[in-house]
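This report refers to the structure that appears directly beneath it.
Please treat every number below as a calculation from the coordinates, not as lab data. Keep in mind it's a predicted model, so treat the numbers as computed, not measured. Cβ atoms come from the backbone with ideal geometry, glycine included; neighbour counts cover every protein chain shown.
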Amino acid sequence: MSKVFAGALVWSLLASAFLLGETAPAKSKPKSTANKDVQTVTQKLEEFQGQLKQQQAQIAEQQSQIRQLQQQLQQSNAQLQEQGQQTHQLQSSLQQASQRATAAEQTANNLNATVVDMKTSTAGAVQSLQETQKAVKNLDQPSAVHYKGITITPGGYLDATFITRSRNINSDVIGSFNSFPFDNTANANLTEFRVSARQSRFTLLSEGKIGNTKLSGYYEIDFLGAAPTANQVETNSFTPRQRQLWGQVEFSNGLTLNVGQMWSLLTTDRKGMATRAEFIPTTIEGSYVIGWDYTRQTSFRVTKNFSNKTWAGFELANPETTASASYTPPDLFGLNNSTNALFPTGVLVPSCCGTPVITNGVSTNLAPDIIAKVAFEPDWGHYEIKGLGRFFRDRIKGQNNVSYGGGLGAAAVLPLVAKKVDFMIEGLAGSGIGRYGAANGADVTIRPDGRLIPIHAIHIMGGVEFHPQPKLDVYIYGGDEYYRRAPYVNPVNSKEAAGYGSSLAVNTGCNFEVAPKGTSCQAQNKDMYEATGGFYYRFYKGPFGTFQYGMQLAFLHRTTWSGVGGAPQGSDVVGLTSIRYVLP
């Protein structure tokens, strides 16, 4: 294109020069002038040619640049095409990978489903095998007896207990917390050693169902009964003792009915508010621990479970009245040692006397004890609030007298370390609550006019139980019972005591082996406390039952209200060892 342009330019210049020569007048020019014109045209032609070359050079450079740009464009197009191919390949690869992943996931899901099915089948087979083995074992070694739709489970243990006391109280496994000897008396200077198997125990639990309603019955006995003729001279002729004997109906809505002899609703529970779930100190001592509140009496009970978080219970229980007084007016009836409550056993004393033995009866009660309790179990621990109502009655000079008592209590069982350390504490305060304490203090005293006055008292008990290993249980408990004064003056002699804890009580003969003439011991308990600890070690636990060994050491102390001659006191150190075989 540049060459055509240059040629056209040259030819246009030559044509212009030729035309100029044709049109000029036919007049001859001088030779020199003509030469100049030729030179001028030649110079212009050379300039044009120079310019033409420059333009050709520029055009060539531009063409080179255009070719480079075209080459770059071609390379870019080639790269784009290559990238497009790679992108297409990549997309294809990704699609194929996605398809393979989907297929692998489906395969994995199928495998997981197959594994779950196999596990379920295996678990079912294992459970079926275990149930079959258990059924075979039960047939060979049944843990319960099935009779007409009822499951009967026996239990209990055989026990041999060795007892050593620093002061003699002439007692078996059940100690007398409210009457161990004062200092300087004969029994305070005599130790006591005794071996007993009377704490051996047998139980029988029966269970059945009617639809969604569960029926239960429970029977428990030991040999700590005290028949009037029992002794240890030649044979140990003690009678079995009815500990528990009750029936129970549990409805599916959480309502439970109980009737029979059982641990009182006032007794602290370890969990919930169910029978056989009570907190019972694991002592060898049959009287347990001073300050612990309980009874085992025939009662009617209703409890309700609210979603295993809150429980409420109400109980009507068999009552009894214990009394202590420095002066008792004549012709007083209604107490266990009143004339109307005494009866002959039919067993005569030695032939010299011919008088039948007179034994204590029971108080003539007005109404049952009323007990109500609420228990809570939030995320941690078991807590209780409980109340007690009591009615007391006697009769004197043709008139019945009625008094009222009761108390409020609280308790907690706390798992300080799960399955390793448990802490428990309980307390009860009120008036007329003596019979519910383990020390069995007095409920009432007697006013000189014969009216019964409930004694104000406070009971408290706490402890820690350790379970460092499955075979070993260690416990430490402590408790206290306090009974306040209710003093009066003897109406016959104003210098003599009446009521409870009077400063006029004569205590001059309390600290002698043989009390001198003219002395007396009217001391009444003010405070009793105990600190005790022990352990049980199970050296065998298996299909043949449990063999265990236990030891307990206890320190007990009691003080009395000060009277004439001071405030006598006493203490005792008790050691107990138990060898026990528990039925499987």
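Here are the numbers for this structure:
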read-out	value
Phi-based couplings in Hz for the stretch 471-487 (Karplus 6.51, -1.76, 1.60; Gly and Pro marked x)	8, 10, 10, 10, 9, 9, 10, x, x, 8, 10, 10, 10, 7, 5, 9, x
Between the stretch 443-469 and the stretch 68-92, the alpha-carbon center distance in angstrom	101 Å
Net dipole in debye of the stretch 142-582 [+1 Lys, Arg Cβ; -1 Asp, Glu Cβ; about Cα centre; nearest 20]	620 debye
Cross-link table Lys419/Lys526; Lys304/Lys419; Lys148/Lys471; Lys397/Lys526, entries beyond 29 Å C-alpha to C-alpha	Lys419/Lys526; Lys148/Lys471; Lys397/Lys526
Acute angle (nearest 10 degrees) that the helix 2-23 long axis makes with the longest principal axis of the chain, alpha-carbon atoms	30 degrees
For the stretch 416-440 versus the stretch 539-584, the gap between their alpha-carbon centres in whole angstrom	17 Å
Crossing angle, helix 31-140 versus the chain [Cα axis fit, 0-90 degrees, rounded to tens]	20 degrees
Theoretical gain in end-to-end length, Ala312 to Leu416 [0.36 nm per residue, Cα-Cα removed]	34.9 nm
Fewest-first sequence of Arg485, Arg580 by Cβ atoms within 10 Å of each Cβ	Arg485, Arg580
Under the Karplus curve 6.51 cos²θ - 1.76 cosθ + 1.60, θ = phi - 60°, whole-Hz ³J(HN,Hα) for the stretch 443-453, x wherever Gly or Pro sits	7, 9, 10, 10, 6, x, 7, x, 6, 7, 10
Taking the convex hull of Cα positions in the chain, its mean projected area over all directions (nm²)	62.9 nm²
Protection proxy ranking, peptides 457-466, 64-73, average beta carbon neighbours within 10 Å, highest first	457-466, 64-73
Prolate/oblate/rounded label for the stretch 402-535 (Cα gyration tensor, a/c 1.5)	oblate
Positive-end extreme of charge dipole, the chain - chosen from Ala104, Gly566, Met461 (charges on Cβ)	Ala104
Candidates per chymotrypsin sites (Phe, Trp or Tyr not before Pro) in the stretch 353-442, loop by DSSP, up to 12 other Cβ within 10 Å	Trp380
The stretch 204-266 versus the stretch 273-307: alpha-carbon centroid distance in Å	13 Å
Within the chain, helix-based [θ] at 222 nm, where runs of 4 or more DSSP H residues each add -39,500 (n - 2.57), nearest 500	-8500 deg cm²/dmol
